[in-house]
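> So that we are looking at the same thing, I have put the structure below in structure tokens.
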Amino acid sequence: MNLKNFIRSIPDYPKKGILFRDITTLIKDEEAFAETINQIVDRSKKFDFTKIAAIESRGFVFASAVSYILNKPFIMLRKKNKLPAEVYSVDFELEYGTATIEVHKDSFTKSDKVLVIDDLIATGGTAEAAAKLIEMSNAKVAAFIFVINLFDLGGDERLKKKNYKTSSLLEFPGH
């Protein structure tokens, strides 16, 4: 199954000049979604990890299913002011603005190795912020798995330069 056939491309969203890669067309097809989860599970076996984390919100769709299959704890990295207990917080740059993500301070321990799953990597700012949250908690990033890598925007290379392991199911240009 060619999963690329299930990704819709929308020009000028969320702002002019951005070519948005829409995963809703992938997850609404039960066979494509199942194949995506199976591929993430297969790739995850290359890494040694104790917990799975995902970035709000589309990363939750994939990571929760993988967490269930692998019987691993699932930690949500949330947008600002969405978590009720004490948090670590990181501000970061997006391709089209700025944002903040947070995690509960008790989500990770120093012995945790965390697999981060997200739908897409573009410039790498969000993924790098996720790594900072995990490391603020004294845990380690085991690896990142993305459904889509927008290869010409440099995010994957940005993470690799910081010695993070990465894997992506699909490659698309970002523009």
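> Using all Cα-Cα distances in the chain, what percent lands in each 10 angstrom bin from 0 up to the longest?
10, 40, 37, 12, 0
> Hey, can you rank 45-55, 112-122 by average C-beta count inside 10 Å, highest first?
In descending order of packing, they fall as 112-122, 45-55.
> What spacing in nm lies between the two simple spin-label points modelled at Leu94 and Leu19, each 7 Å away from Cα in the Cβ direction?
Each label point lies 7 Å from its Cα, and together they span 2.0 nm.
> If amide H atoms are built 1.01 Å from N in the plane of the peptide, which residues on other chains or at least 5 residues away come under 5 Å of the amide H of Lys105?
Glu86, Val87, Tyr88
> Would you calculate a helix-derived [θ] at 222 nm for the chain, using -39,500 (n - 2.57) for each DSSP H run of n ≥ 4 and dividing by the full residue count, to the nearest 500?
-8500 deg cm²/dmol
> While we're here: Using a simple charge model, +1 on the beta-carbon of Lys and Arg, -1 on the beta-carbon of Asp and Glu, nothing else, what dipole does the chain show about its Cα centre, in debye to the nearest 20?
I would put it at about 380 debye.
Rule-based calculations on the coordinates, nothing more; no lab input. Note that this is a predicted model, so its numbers are computed, not measured. Please note: Cβ atoms are built from the backbone with ideal geometry, for glycine as well, and neighbour counts cover all protein chains shown.
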